[in-house]
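Peer 1: The structure's right below; bear with me while I get my questions together.
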There are 8 protein chains.
Amino acid sequence: MEFTIYLAGQIHDDWRSELREKAKKKGLSLNFVGPQENHERSDQIGEEILGEQPGKVFMDDAASDINNFRTELLLQKADAVIALFGESYKQWNTAMDAGIALKANKPLILIRPESLIHPLKELSNQANVTVETIDQALEVLAYVYE
Amino acid sequence: MEFTIYLAGQIHDDWRSELREKAKKKGLSLNFVGPQENHERSDQIGEEILGEQPGKVFMDDAASDINNFRTELLLQKADAVIALFGESYKQWNTAMDAGIALKANKPLILIRPESLIHPLKELSNQANVTVETIDQALEVLAYVYE
Amino acid sequence: MEFTIYLAGQIHDDWRSELREKAKKKGLSLNFVGPQENHERSDQIGEEILGEQPGKVFMDDAASDINNFRTELLLQKADAVIALFGESYKQWNTAMDAGIALKANKPLILIRPESLIHPLKELSNQANVTVETIDQALEVLAYVYE
Amino acid sequence: MEFTIYLAGQIHDDWRSELREKAKKKGLSLNFVGPQENHERSDQIGEEILGEQPGKVFMDDAASDINNFRTELLLQKADAVIALFGESYKQWNTAMDAGIALKANKPLILIRPESLIHPLKELSNQANVTVETIDQALEVLAYVYE
Amino acid sequence: MEFTIYLAGQIHDDWRSELREKAKKKGLSLNFVGPQENHERSDQIGEEILGEQPGKVFMDDAASDINNFRTELLLQKADAVIALFGESYKQWNTAMDAGIALKANKPLILIRPESLIHPLKELSNQANVTVETIDQALEVLAYVYE
Amino acid sequence: MEFTIYLAGQIHDDWRSELREKAKKKGLSLNFVGPQENHERSDQIGEEILGEQPGKVFMDDAASDINNFRTELLLQKADAVIALFGESYKQWNTAMDAGIALKANKPLILIRPESLIHPLKELSNQANVTVETIDQALEVLAYVYE
Amino acid sequence: MEFTIYLAGQIHDDWRSELREKAKKKGLSLNFVGPQENHERSDQIGEEILGEQPGKVFMDDAASDINNFRTELLLQKADAVIALFGESYKQWNTAMDAGIALKANKPLILIRPESLIHPLKELSNQANVTVETIDQALEVLAYVYE
Amino acid sequence: MEFTIYLAGQIHDDWRSELREKAKKKGLSLNFVGPQENHERSDQIGEEILGEQPGKVFMDDAASDINNFRTELLLQKADAVIALFGESYKQWNTAMDAGIALKANKPLILIRPESLIHPLKELSNQANVTVETIDQALEVLAYVYE
């Protein structure tokens, strides 16, 4: 049985590549989807497709049109969601995606460092499992196949 | 026709009181609900009801049990949601509540300062309306009664 | 038993007032809701609440933010929907509202002149009842109380 | 990952063929579905299967029975919807299909010429993305695969 | 606590009046809704509101438009459904209403004579309770108030 | 694209075999499912699996347990439903299955002889298409592939 | 704002009366519903309404018909559920009701003694809050009104 | 047509292996999923992935996080559920899983010994079929393929 996992979280470093490689090494039959991982491309996709916008607000909104289309399409295909939080960036879209996943009955794994226990306590409490590392998240997924 | 509005957002200042008073002055038939507004009470409610917990993580989780019960109960009663973001605090539960509201088909008004346009662009794009002040949010609600 | 009826359709003449008055005369216990009926107000509400926008497209989008918030909030409160089409105006939001009502399992009465039978045939076929006049629509509603 | 896209819109010209060919050239793994594209066949399918009807209204209704069966079956199989509007034809079924797609949580791309910004503003505001050309719509879909 | 009960079944005799009176005597706080109970009115309502139709099939279809609007509106307001079957009439709309009620998660009481056990076995098996008399159905409802 | 079609209706003659063979000849990529077609087996399956029951009522109920398990499992897998009515038998489970299909948003084709127009008018009015023969039902399905 | 709370659990002692009285003393605007609390009545209601059954299995099944009708009707009216477990009785219907409540998105408070932590760990983990006493459950409900 | 069946129940003996082997011998195209069947592993998985916990309650809760993630993921993939009860163990998670399955419209087969008729009567009454042996459950599944 193959599962599709949506990887919610920041797109400033390559945590998804690390996760995908480690999943591959474990031989897990998982199909990972997620947002555009090239940050610059993600920010500019609105103007690239829709043309120049009248200022920063509208450029951001145009990019979000297309990024949200992608997220909605892929999230609805997912069997489960991993949401990763780190110490940098505001990560409000990660929290929003997690909220959407919770209401859509997608089982949710939260990855967050110990330092973020307090501000993420309500989200952690609603997630199925909260872990601190990518390896732990993959151990949870591997457990489903045992 | 009376509407129930859930007020998602931080609980460190009295923005909800301000909003409730202004709604009253405008004569709007609105019933506001939301999280516990006493921050200390909110953080300690877990230990207050469930007894001492073995450390900070578990104290936070116990509080979240009860705060999330409250939020789930009141959010499902709400006809619409206002989510307010400011420049302080992590506000991840605000974003999570907004995500849940979106997926639950609750019309959503986002209040955020101009400085947060970029990090909230995906959430703003999915909200029905994004405004910058409490007064504007109330004008949106007042418009429904015109 | 009181019912709430959403009145979808153009806002260029006073067909809703006529309908409300006739319902009153019939003594029907109906509560009518619908879009902003002042056309100019409806078009300008975006800039009135959100401030000046950078051009017509953005002014329209800002107005739609607020008009769609109103529609979503009121439509979800409705027990049934009346969608009226006439020979003037594009009326695409009427058709969109009707589609949303159909998918949301709101019983739907379509009012349209004989001249529009062909272009409205798919919508008419999915509506519960298609009539040609406001009086007929009210007879359908009155029949529920017999 | 393959996606099924429902193509809502008029059936008087071959815009769907153009879109399908361009998607093929881009190498996108997309499966397109939609209404009957032969306009005469679409109008006459009622009488062709169900036999002669007592007049134009009933002939239209019989055709709609079968066209709506097709649309409902294919739309529910779709992962996303493209709705195209042009300057000709009433296109109310396009708007109704878009409304159904919105309520069924199918991500929606709207294609419309600049001239239709105002009458489509509510629909555009609810769609995930609004573009002006078929090429832009395909760029949005291609972006999901990046 | 008041409950609304939809009374599905034939409209050729006054079983609903009997049920309503008996409920009143028992002092049950129940609000009964159901189809038009005047059989002639029910059959002719299509032509009465929509005008003369081209033959019996179309007259029946016009009446069903309006009767189904009524049923859909009232059934969605109901907390539970009673479906009564007798030895006369085809009663396919009773069975269809029962099927709709089952899928809509409305608790269902089936009333049927002993002679119909075999042909109603699948429906009886899915109903919450199957009884043989109106009095028994009311005893079930009265039990909820104990 | 392959579709699964549930065939609701009586199990006293071989109309499903006829339909399956005709679909095969037309080259339609359809997968048909439905109830147990061996009538005796269907009536006795309860006692065959669960052992002797204390009388006819309980034997019927035991059979319905298993027949309803089968129907629920297969109906939820179906993309569309065909419900066939004839002049013999009570066929209440056909009407119940049709009601369940309607509420579950499964597109519905009704097959019924001209003689049953009046008693099936409400069901016919809610079905997507009503035809009189198996051949017509297959023409509707074939039309989806054009 | 008044809430309706379903009280799932055994019916062998008067814990519900205790809870209702304590809620009253606290002045909480709560409306409690639940199963029949007279155990003998609950076991015999099947035969009392439906007549003598052919043995214990069928008597139990008849009673369950009516008890499940009551539970389904009242549970769907509830805003939240309290499920109480004690050291006696099998209490499988309590666990089933809790499972139904979880899937129906009813916020759930679990009351269980310390001795049952291990066997109830999966249920406790899915409940919003787990407490050990009726007083604690009421403190959670009271907190919603703060 | 292949079906996925979730096997809810205790994990202290090898009833699932027996069921899987017997299904294989019957040549049924079934894919069985279920909880971790190694009891010790199931109890310790929390600490194994998440690290040492501050006591038994928290160790149990950590294990349940991960076991519930597995159950939620697999149960949503299942077409039907078998819930087996025996005379040993509390088996409350079996009853909870059955309740979740009922509300999620998964057809349910209950396996329980004659001795448990009374305490399981409400659950049995809501299940599609109740049998006493694994062989009978497989006969029910085999019947779907006839």
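Peer 1: Given F:S88, F:S42, which one is closer than 27 Å to E:E132 by Cβ and assigned to a loop (DSSP other than H, G, I, E, B)? Step through it out loud before you land on a result.
Peer 2: Numbers: F:S42 fails: assigned to a loop (DSSP other than H, G, I, E, B).
Testing whether each residue is closer than 27 Å to E:E132 by Cβ and assigned to a loop (DSSP other than H, G, I, E, B) leaves just F:S88.
Peer 1: Take H:A104 and decide whether it is within 14 Å of chain G (Cβ to nearest Cβ) and under 21 Å from F:G46 (Cα atoms).
Peer 2: For H:A104, the condition - within 14 Å of chain G (Cβ to nearest Cβ) and under 21 Å from F:G46 (Cα atoms) - is not met.
Peer 1: Could you please let me know if A:F69 is closer than 30 Å to D:A104 by Cβ and either over 17 Å from the mean Cα position of the chain (by Cα) or part of a loop (DSSP other than H, G, I, E, B) (or both)?
Peer 2: Working: closer than 30 Å to D:A104 by Cβ: yes; either over 17 Å from the mean Cα position of the chain (by Cα) or part of a loop (DSSP other than H, G, I, E, B) (or both): no.
Criteria not met by A:F69.
Peer 1: Another question, then. Those residues that are outside any helix (DSSP H, G or I), closer than 26 Å to B:Q76 by Cβ and within 7 Å of another protein chain (Cβ to nearest Cβ), I need them from the stretch G:110-138; list them, please.
Peer 2: G:L120, G:N128, G:V129, G:V131
Peer 1: Among the residues of the stretch G:105-116, are any surrounded by fewer than 21 Cβ atoms within 10 Å (Cβ to Cβ) and in contact with a helix residue (DSSP H, G or I) (Cβ under 6 Å, 6 or more places away or on another chain)?
Peer 2: No - not one qualifying residue is present in the stretch G:105-116.
Peer 1: Could you go through the stretch A:33-48 and let me know if any residue there is out of contact with any helix residue (DSSP H, G or I) (no Cβ under 7 Å at 6 or more places or on another chain), at negative phi and among the small types (G, A, S).
Peer 2: No: the stretch A:33-48 contains no residue that is out of contact with any helix residue (DSSP H, G or I) (no Cβ under 7 Å at 6 or more places or on another chain), at negative phi and among the small types (G, A, S).
Peer 1: Looking at (1) assigned to a loop (DSSP other than H, G, I, E, B); (2) at pLDDT below 95, which is the one condition that is false for E:V57?
Peer 2: Going through (1) assigned to a loop (DSSP other than H, G, I, E, B); (2) at pLDDT below 95 one by one, E:V57 breaks only (1).
Peer 1: While we're on this one: Taking the stretch A:45-54 as the search range and keeping residues that are outside any helix (DSSP H, G or I) and surrounded by fewer than 17 Cβ atoms within 10 Å (Cβ to Cβ), which one is farthest from the chain's Cα centre (by Cα)?
Peer 2: Filtering the stretch A:45-54 for residues that are outside any helix (DSSP H, G or I) and surrounded by fewer than 17 Cβ atoms within 10 Å (Cβ to Cβ), the one farthest from the chain's Cα centre (by Cα) comes out as A:P54.
The rows are residues; the columns are (1) more than 8 Å from every other protein chain (Cβ to nearest Cβ); (2) surrounded by fewer than 22 Cβ atoms within 10 Å (Cβ to Cβ); (3) farther than 30 Å from F:M59 by Cβ.
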| site | (1), (2), (3) |
| --- | --- |
| G:F3 | no, yes, yes |
| G:N38 | no, yes, yes |
| G:D43 | yes, yes, no |
| G:K56 | no, yes, no |
| G:A62 | yes, no, no |
| G:T71 | no, no, no |
| G:Q76 | no, yes, yes |
| G:Y89 | no, yes, yes |
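Peer 1: Could you check, for the stretch B:124-133, whether at least one of its residues is of a type in the set (S, T, Y), under 30 Å from G:A101 (Cβ atoms) and surrounded by 23 or more Cβ atoms within 10 Å (Cβ to Cβ)?
Peer 2: no
Peer 1: Given the criterion closer than 21 Å to F:D79 by Cα and among the small types (G, A, S), identify the matching residue among D:A95, D:A80, D:A62.
Peer 2: Exactly one of D:A95, D:A80, D:A62 is closer than 21 Å to F:D79 by Cα and among the small types (G, A, S), namely D:A80.
Peer 1: Now, a different point. Identify all residues within the stretch D:10-29 that are of a type in the set (K, R), outside any loop (DSSP other than H, G, I, E, B) and touching a Leu at 6+ places or on another chain (Cβ under 8 Å); write none if there are none.
Peer 2: D:R16, D:K22, listed by residue number.
Peer 1: For the condition within 24 Å of G:Q91 (Cα to Cα) and of a type outside the set (D, E), what is the one hit in H:I49, H:I5, H:I45, H:I82? Break it down stepwise before answering.
Peer 2: Values: H:I49 fails: within 24 Å of G:Q91 (Cα to Cα); H:I5 fails: within 24 Å of G:Q91 (Cα to Cα); H:I45 fails: within 24 Å of G:Q91 (Cα to Cα).
Matching residue, one of H:I49, H:I5, H:I45, H:I82: H:I82.
Peer 1: Considering every residue within the stretch A:83-99, establish whether at least one is in contact with a strand residue (DSSP E or B) (Cβ under 6 Å, 6 or more places away or on another chain), aliphatic (A, V, I, L, M) and within 24 Å of B:R70 (Cβ to Cβ).
Peer 2: Yes.
The values are calculated or read from the model by the stated rules, or taken from the named source; none is laboratory data. Keep in mind it's a predicted model, so treat the numbers as computed, not measured. Please note: Cβ atoms are built from the backbone with ideal geometry, for glycine as well, and neighbour counts cover all protein chains shown.
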